[in-house]
Amino acid sequence: MTPRALAIAGSELRILRRNRWLFMATLIMVLFALALTFAGSAPTGSLGVDMLTVSVASMTTLSVYLAPLLALMMSFDAISGDRDRGSLSLLLSYPAGRGEILLGKFLSHLAALAFAMTVGFGTAGALAAWSGGAGADSLLALGRLIATSILLGAVFLALGYGVSSISSSSTAAAGLSAAIWLIFVVLYDLGLLGAVVMDEGGFFTQSIFPWLMVANPADAFRVWNIAASETVAVTSGMTGAASALPAWAAPLSLLLWPVIGFALARLAFGRVEP
Amino acid sequence: MDNSLIIKSVNKFRGKTQVLEDIDLSVAPGERLALLGHNGAGKSTLIKSILGLTPIHGGSISINGAAPGSAAARKDTAFLPEAVSFHPALTGREQLSLFANLSGASADVPALLERVGLADALDRRIGTYSKGMRQRLGLAQVLLGRPKVALLDEPTSGLDPISRQDLYAIIDELAEQGTAVLIASHALTEVEARTDRIAILRKGVKVADNTLAELSSEAALPTRLRITARAGEIEKLAQQVGGTRVNGASVELCCSADQKMAELRRIAALGDVVVDISMTPPRLEDLYRHFAKENRQ
Ligand SMILES: Nc1ncnc2c1ncn2[C@@H]1O[C@H](COP(=O)(O)OP(=O)(O)OP(=O)(O)O)[C@@H](O)[C@H]1O
Ligand SMILES: [Mg+2]
């Protein structure tokens, strides 16, 4: 963590604050988390779990979509925006290395994301606990949800920098980011589902499918949150695939992805000619 | 090895086309070099090569002994990109402070902004700056941390006449403190007066590199004489001196530098017929046209 990376992080954080991005992202998180928590609070009694557990289960589903989206929205023009403005060549003529520049942007974006996630899920979780009760297990699940959401965001921040580096303009980067989001969050699962249906419970479904699923960071996020908490698993009704995997598979995937993503982004950024 | 910037037979390709061809160029400490050339001649590409932002294919570049893009070279170089702009959400002070932090130089940011005439806009967002104000902000960051080499890509674009004067005063200051300054420009009249040496690129080839005086004698361009006749006597004058008639009252003729005095004496001897003579020695514009012309071998 070099002073130069910190200088860039400080400046980027200031930009996020000033153009209201931080405020809007936090607001979106709070509103969606609250809406899901209280709109989906019907089955509490029937499953015999406290309300925070139900809330965490719904928020997990929400976060799979929202964390990658918010992350990509922040990162897609991190490189291409500077290049479009002509300030990237200037930035690169300073003693800061490309790794430092990328790290600085990553730190600030991650901090903003962490803030929005913590405030959003924290608020909804606190209200759920207050109105419908909470236990040690459900509090742990909430903490896990926040931490894994930040990790999931980190993955897509890094992917966004990669996209931003290889795109010829910010507009192209925006399009490519939308494609990335669609592939990781929607199409990948649809493809797997299709394969499972065709396979009719054969070898693929038994042995390959769970690993393919957990290789996708969005699914790893889901599996980790669900498998780690029995009560959450019960409420979300998704136990089958997760139970076929060793417990370390999903955490490993979700912890490795930010590192892989950042390495890829650094590689792509290294090839950028401003 | 007393030059701050040494470029030796640099080649650079973009795809199959060669954008820099065997370029040799050096700038001494305190020297101001103007780099001229038509659009797409390769000026910006050469500057980016010096910064190590784009790879070169053959040849070598040394910035105070360091390789392009190395930590030492980046510390010693200042750069003003062409048509630069900054993040609109930051203020001038914040942007310049960031650059100061990145360069590791301790800088008096308000004083620097004052120096480029942005004292009033210090805490305004860059989004509210005019084009010239953004250009000045770019110039302010050039002054950070006493660079050994300054690379300015079209620094006067977007500046009003007074600001241009200020800009050249700042460039002179840089040169006085020993910075080697390279200025890529299209503003011929300005660089004619305010630089020490002139290099001209044509399609990636260096076609001229010398002081203005040396270039003039190298090119041996004629001096133009315009002789104005007394009312109604233009026919007579044209017969006597030759040359081409212009605007019904004058004739124009060209002569080489060494014939100039002989011509003047001959015309003066014509007496009352001549009411005025104006003499135009070759300007940088003519030299530029001469050197950048397509059909020179
Ligand atoms: N990123 C790029 N990709 C491909 N070709 C490029 C790129 N940048 C420049 N070129 C080409 O390299 C050549 C030199 O361009 P360069 O920008 O150096 O010209 P210049 O002398 O700075 O022109 P100008 O006066 O218009 O700024 C041109 O033929 C241009 O088309
Ligand atoms: Mg240019």
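The values are calculated or read from the model by the stated rules, or taken from the named source; none is laboratory data. Just so we're clear, the structure is a prediction, and the values are computed from it rather than from any experiment. Because the Cβ atoms are built from the backbone with ideal geometry, glycine has one as well, and the counts that use them run over all protein chains shown.
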Subject >> All positions within region B:89-138 that are in contact with a strand residue (DSSP E or B) (Cβ under 6 Å, 6 or more places away or on another chain) and of a type in the set (Ser, Thr, Tyr) >> reply: B:Thr91
Original post:
Could you give every pair whose Cβ atoms fall below 7 Å, whose first residue belongs to region B:128-152 and is β-branched (Val, Ile, Thr) and at pLDDT 95 or above, and whose second residue is in a helix (DSSP H, G or I) and surrounded by 20 or more Cβ atoms within 10 Å (Cβ to Cβ), counting only separations of at least 6 or pairs across chains?
Top reply: B:Val149/B:Asp76
**OP:** Please give the number of the condition A:Ser108 fails out of (1) away from chain B (no Cβ under 14 Å); (2) touching a Ser or Thr at 6+ places or on another chain (Cβ under 9 Å); (3) hydroxyl-bearing (Ser, Thr, Tyr).
**Re:** (1)
Subject >> Single condition B:Pro147 does not satisfy, out of (1) in a loop (DSSP other than H, G, I, E, B); (2) within 16 Å of ligand 1 (Cβ to nearest atom); (3) of a type outside the set (Val, Ile, Thr) >> reply: (2)
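Which residue is nearest to B:Ile47 (Cα to Cα), if the candidates are limited to region B:222-240 and must be in a strand (DSSP E or B) and of a type outside the set (Ser, Thr, Tyr)? Lay out the reasoning, then the answer.
The first filter runs over region B:222-240 and keeps only residues in a strand (DSSP E or B), leaving B:223-229.
Still in the running and of a type outside the set (Ser, Thr, Tyr): B:224-227, B:229.
Numbers: B:Arg224: 36, B:Leu225: 40, B:Arg226: 41, B:Ile227: 45, B:Ala229: 51 Å.
Here the answer is B:Arg224.
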Original post:
B:Ala73 versus (1) within 16 Å of ligand 2 (Cβ to nearest atom); (2) within 21 Å of B:Ala180 (Cα to Cα): which is the lone unmet condition?
Top reply: (1)
**OP:** Select, from B:Leu201, B:Leu221, B:Leu212, the only residue that is within 33 Å of the chain's Cα centre (by Cα), within 16 Å of ligand 2 (Cβ to nearest atom) and either within 14 Å of another protein chain (Cβ to nearest Cβ) or in contact (Cβ under 8 Å) with a residue 60 or more places away in the chain (or both).
**Re:** B:Leu201
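Do we find that B:Gly178 is out of contact with any helix residue (DSSP H, G or I) (no Cβ under 9 Å at 6 or more places or on another chain), free of Cβ contacts under 8 Å to residues at least 60 places away in the same chain, on the phi > 0 side of the Ramachandran plot and surrounded by fewer than 16 Cβ atoms within 10 Å (Cβ to Cβ) in this structure? Working first, answer last.
Values: out of contact with any helix residue (DSSP H, G or I) (no Cβ under 9 Å at 6 or more places or on another chain): yes; free of Cβ contacts under 8 Å to residues at least 60 places away in the same chain: no; on the phi > 0 side of the Ramachandran plot: yes; surrounded by fewer than 16 Cβ atoms within 10 Å (Cβ to Cβ): yes.
So B:Gly178 does not fit the description; no.
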Original post:
When region B:26-56 is examined, which residues are found to be among the small types (Gly, Ala, Ser), near ligand 2 (Cβ under 9 Å from one of its atoms) and within 14 Å of chain A (Cβ to nearest Cβ)?
Top reply: B:Ser44
Original post:
Applying the selection to region B:130-151, what residues are within 16 Å of ligand 2 (Cβ to nearest atom) and more than 16 Å from the chain's Cα centre (by Cα)?
Top reply: B:Gln135, B:Gly138
Original post:
Checking B:Gly65 against (1) surrounded by fewer than 17 Cβ atoms within 10 Å (Cβ to Cβ); (2) at the interface with chain A (Cβ under 8 Å from one of its Cβ atoms); (3) in contact (Cβ under 8 Å) with a residue 24 or more places away in the chain, which single condition isn't satisfied?
Top reply: (2)
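Quick one: which residue in B:Thr77, B:Thr91, B:Thr54 is of a type in the set (S, T, N, Q), touching a residue at least 24 places away in the same chain (Cβ under 8 Å) and within 16 Å of ligand 1 (Cβ to nearest atom)? Please lay out each step first, then the result.
On the way: B:Thr77 fails: within 16 Å of ligand 1 (Cβ to nearest atom); B:Thr91 fails: within 16 Å of ligand 1 (Cβ to nearest atom).
Only one candidate passes the filter, namely B:Thr54.
Restricting to region B:152-173, name every residue that is more than 16 Å from ligand 2 (Cβ to nearest atom) and of a type in the set (Ser, Thr, Tyr). Walk me through it before giving the result.
The initial filter retains those residues of region B:152-173 that are more than 16 Å from ligand 2 (Cβ to nearest atom), namely B:159-173.
Passing the criteria: B:Ser163, B:Tyr168.
Matching residues to (1) closer than 24 Å to A:Ile8 by Cα; (2) buried (at least 21 other Cβ atoms within 10 Å of the Cβ); (3) modelled with pLDDT under 95:
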site	(1), (2), (3)
A:Leu113	yes, yes, no
A:Ala129	no, no, yes
A:Gly132	no, no, yes
A:Gly135	no, no, yes
A:Ala141	no, yes, yes
A:Val163	yes, yes, no
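Just to be sure, is B:Gly158 more than 20 Å from B:Ser26 (Cβ to Cβ), in the same structural domain as B:Leu80 (by the TED database), in contact with a Gly (Cβ under 7 Å, 6 or more places away or on another chain) and within 16 Å of ligand 1 (Cβ to nearest atom)? Spell out the reasoning first.
Values: more than 20 Å from B:Ser26 (Cβ to Cβ): yes; in the same structural domain as B:Leu80 (by the TED database): yes; in contact with a Gly (Cβ under 7 Å, 6 or more places away or on another chain): yes; within 16 Å of ligand 1 (Cβ to nearest atom): yes.
In short, yes.
From A:Ala78, A:Ala25, A:Ala71, grab the single residue that is crowded, with 21+ Cβ neighbours inside 10 Å, closer than 21 Å to A:Ser167 by Cβ, away from chain B (no Cβ under 14 Å) and at pLDDT 90 or above. Talk me through it step by step, then tell me what you get.
Values: A:Ala78 fails: away from chain B (no Cβ under 14 Å); A:Ala25 fails: closer than 21 Å to A:Ser167 by Cβ.
Answer to the selection: A:Ala71.
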Subject >> Residues within region B:202-221 that are of a type outside the set (Val, Ile, Thr), at pLDDT 85 or above and part of a loop (DSSP other than H, G, I, E, B), tallied >> reply: 2
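What helices (runs of 4 or more DSSP H) lie completely within region A:162-224 and have 1 or more residues being more than 21 Å from A:Thr61 (Cα to Cα)? Before you say what the answer is, go through the steps one by one.
Values: elements: A:170-181, A:188-199, A:209-215.
It comes to A:170-181, A:188-199.
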Original post:
Only one of (1) within 16 Å of ligand 2 (Cβ to nearest atom); (2) surrounded by fewer than 21 Cβ atoms within 10 Å (Cβ to Cβ); (3) of a type outside the set (Phe, Trp, Tyr); (4) within 16 Å of B:Met133 (Cβ to Cβ) fails for B:Leu80. Which number is that?
Top reply: (2)
